[in-house]
Amino acid sequence: MIRIGRQLGRYFALVSMTSVLLITVLSNIGMNIFFTMYLRDSQKSEDIAIADYATELLHEDGLLDETDLMSIEHYAFTMSAEVIMEDSEGNVIMSTREPSDVTGEPGRSDYMDLEKFEYKEYSYGSPETGKGSIVIGRPRSIFSASPDRQFLITINLIYLAAAGISLAIGFFLRSRVSGMFLDPIYSIQKNARYIEEGNFRGVMDVETKTIELDELSRSINNMALRLEQQERLRKRLTSDIAHELRTPLSTVNSHLEAFIDGVWEPTPERLTLLQDEIRRLTNLIKDLGDLSYMESGEISLAMKEISLSGLIANVVENFEPLFVSDGKNITTDIEEGIITKGDSDRLNQVFINIIANSLKYTNTGGHVAVALKIEGESAVVTVSDNGIGICSDDIPFVFERFYRSDRSRSRETGGKGIGLTISKALVEAHKGIIGIESTDGKGTTVKISLPAWKG
Ligand SMILES: Nc1ncnc2c1ncn2[C@@H]1O[C@H](COP(=O)(O)OP(=O)(O)O)[C@@H](O)[C@H]1O
Ligand SMILES: [Mg+2]
């Protein structure tokens, strides 16, 4: 494992070094090819100039005297050329290889590696004076001549300097990149650690200039918010469940004590009350069991073709006495003959939950309207009430398990905040959609769409 900063530094160095190296190698090769061609051409004209010079110096008798030979030797020397001259009879009259008879200078073979020379033969003189031959040698590699080598060394030194500069630029860029990407990443990492330690509040806002990091940072901060929410719900739930369990148990307990002590007679009314308390406990436990089953994600449904119109009418009918006794009313607008494929018990459970909420969260004199109609390939059920409504801050959370708005809690309605969670899981298991719209203080509409058709 290696830190991103160091890794980036390595990559920057690698990229700049490889590119400079590549340029150096390629331009050296290029120079070798083109420079050689250029030099060969110019050397050839120099060679011809040497031969012409020898022709020019030639006396009428076809001979060259010592001064002529010395001039030719010097001329060749200024062009860094090797010269061997033969007269028209084939006798070597001058060679820069051997110590010079003319000048007494040592031969070039004493200080030059002649193997590295390449020789070409030219002729000098004219038919009248007789023709001699002049062999001119040139270094095989252009860069063996020292001014040329110097040129190459200079160029390569420039490349070396370029390598240094590009490395420096690389390091500078690395520090810029680190400022742009790494600093925010480190801050996000710090936030994640902070959350990992169980702190959900006071997570820093990270300033980033990149979309992806901004999204990452935002989702980590949202995660903290959600975790905090869940943590709060969990704590609330524990106290709620303790309360839910304690109340019926202490009622049952005090009644039983009174029966045992003979203070109270176990009359049918009192026994019925105890039974109600026990039923409340049983319901609570059933709801919790349901929730954990739904959340396991493996709901098994007994799917059958059922009349959705009939099912909803039936649920409403069963609710009617409760509405009447609470001084509220419920009306229906149900399109007949709508069929869906589903588990009738589970769908019943959904509509009971939704209508029970409307009943619970509507004041006396309130009104609930249940409608069912077909829209395209879906059946749309709406349950609207003119009850207490939900404030907009709470709406996003009502489908969360154990979520109850503060207002509904203060109503002492005894809900546990799992009815909507279960309903949503069931509707989705039927490939349906559930949504809720509400205006605080005005009322709430729950809308459920299920795949359906007219029978
Ligand atoms: N018809 C409604 N009117 C007002 N608030 C509602 C309605 N339906 C649901 N809610 C809000 O959504 C919360 C979650 O509903 P639910 O999961 O059924 O839990 P419970 O009914 O046990 O409180 C409720 O506590 C309440 O705050
Ligand atoms: Mg409910």
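The values are calculated or read from the model by the stated rules, or taken from the named source; none is laboratory data. Since the model is a prediction, treat every value here as computed from it, not as a measurement. Backbone-built Cβ (ideal geometry, glycine too); neighbour counts: all protein chains shown.
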Quiz item: With respect to the numbered conditions (1) in contact (Cβ under 8 Å) with a residue 24 or more places away in the chain; (2) more than 14 Å from SER133 (Cβ to Cβ), which one is the sole condition not fulfilled by TYR53?
Solution: (1)
Quiz item: Among the numbered criteria (1) more than 7 Å from ligand 1 (Cβ to nearest atom); (2) surrounded by fewer than 20 Cβ atoms within 10 Å (Cβ to Cβ); (3) at pLDDT below 90, which single criterion is violated by ARG401?
Solution: (2)
Quiz item: Taking VAL368, is it over 19 Å from LEU426 (Cβ atoms), free of Cβ contacts under 8 Å to residues at least 40 places away in the same chain and not assigned by TED's automatic domain parsing to the domain that holds ARG236?
Solution: no
Self-check item: Of residues in segment 172-211 being of a type in the set (Val, Ile, Thr) and over 25 Å from VAL15 (Cα atoms), the one nearest to the chain's Cα centre (by Cα)
Solution: ILE211
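Yes/no matrix, rows are residues, columns are (1) at pLDDT 85 or above; (2) outside any helix (DSSP H, G or I); (3) over 59 Å from the mean Cα position of the chain (by Cα); (4) loosely packed, with under 14 Cβ neighbours inside 10 Å:
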{"position": "ALA224", "(1), (2), (3), (4)": "yes, no, no, no"}
{"position": "ARG234", "(1), (2), (3), (4)": "no, no, no, yes"}
{"position": "THR238", "(1), (2), (3), (4)": "no, no, no, yes"}
{"position": "SER250", "(1), (2), (3), (4)": "yes, no, no, yes"}
{"position": "ALA258", "(1), (2), (3), (4)": "yes, no, yes, no"}
{"position": "GLY262", "(1), (2), (3), (4)": "yes, yes, yes, yes"}
{"position": "PRO266", "(1), (2), (3), (4)": "yes, yes, yes, yes"}
{"position": "GLU269", "(1), (2), (3), (4)": "yes, no, yes, yes"}
Quiz item: With ASP385, ASP394 as the choices, which residue is assigned by TED's automatic domain parsing to the domain that holds ASN329, within 12 Å of ligand 1 (Cβ to nearest atom), surrounded by fewer than 21 Cβ atoms within 10 Å (Cβ to Cβ) and modelled with pLDDT of 90 or more?
Solution: ASP394
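Conditions (1) more than 60 Å from the chain's Cα centre (by Cα); (2) under 21 Å from ILE153 (Cα atoms), marked per residue:
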| residue | (1), (2) |
| --- | --- |
| ARG3 | no, no |
| THR24 | no, yes |
| TYR38 | no, yes |
| ALA54 | yes, no |
| GLY62 | yes, no |
| ILE72 | yes, no |
Exercise. Being more than 8 Å from ligand 1 (Cβ to nearest atom), on the phi < 0 side of the Ramachandran plot, in contact with a Phe, Trp or Tyr (Cβ under 9 Å, 6 or more places away or on another chain) and of a type in the set (A, V, I, L, M, F, W, C) narrows it down to one of ILE334, ILE352, ILE418, ILE433, so name that one.
Key: ILE352
Exercise. Return yes or no: is ALA242 of a type in the set (Gly, Ala, Ser) and loosely packed, with under 14 Cβ neighbours inside 10 Å?
Key: yes
Quiz item: What residue, of ALA13, ALA76, is outside any loop (DSSP other than H, G, I, E, B), in contact with a Leu (Cβ under 9 Å, 6 or more places away or on another chain) and farther than 12 Å from TYR124 by Cβ?
Solution: ALA13
Quiz item: Can you spot a residue in segment 380-395 that is assigned to a helix (DSSP H, G or I) and under 45 Å from the mean Cα position of the chain (by Cα)?
Solution: yes
Quiz item: Scanning segment 299-314 for residues that are of a type in the set (Ser, Thr, Tyr) and touching a residue at least 24 places away in the same chain (Cβ under 8 Å), which turns out farthest from ASN353 (Cα to Cα)?
Solution: SER307
Practice problem: Answer yes or no as to whether ILE33 is among the hydrophobic types (A, V, I, L, M, F, W, C), surrounded by fewer than 16 Cβ atoms within 10 Å (Cβ to Cβ) and either in contact (Cβ under 8 Å) with a residue 40 or more places away in the chain or on the phi < 0 side of the Ramachandran plot (or both). | Solution: yes
Quiz item: Taking interchain pairs and intrachain pairs at least six residues apart, which have beta carbon atoms under 9 angstrom, with the first residue in segment 268-292 and within 15 Å of GLY417 (Cβ to Cβ) and the second in a helix (DSSP H, G or I) and among the polar types (S, T, N, Q)?
Solution: ASP290/GLN349; LEU291/THR421
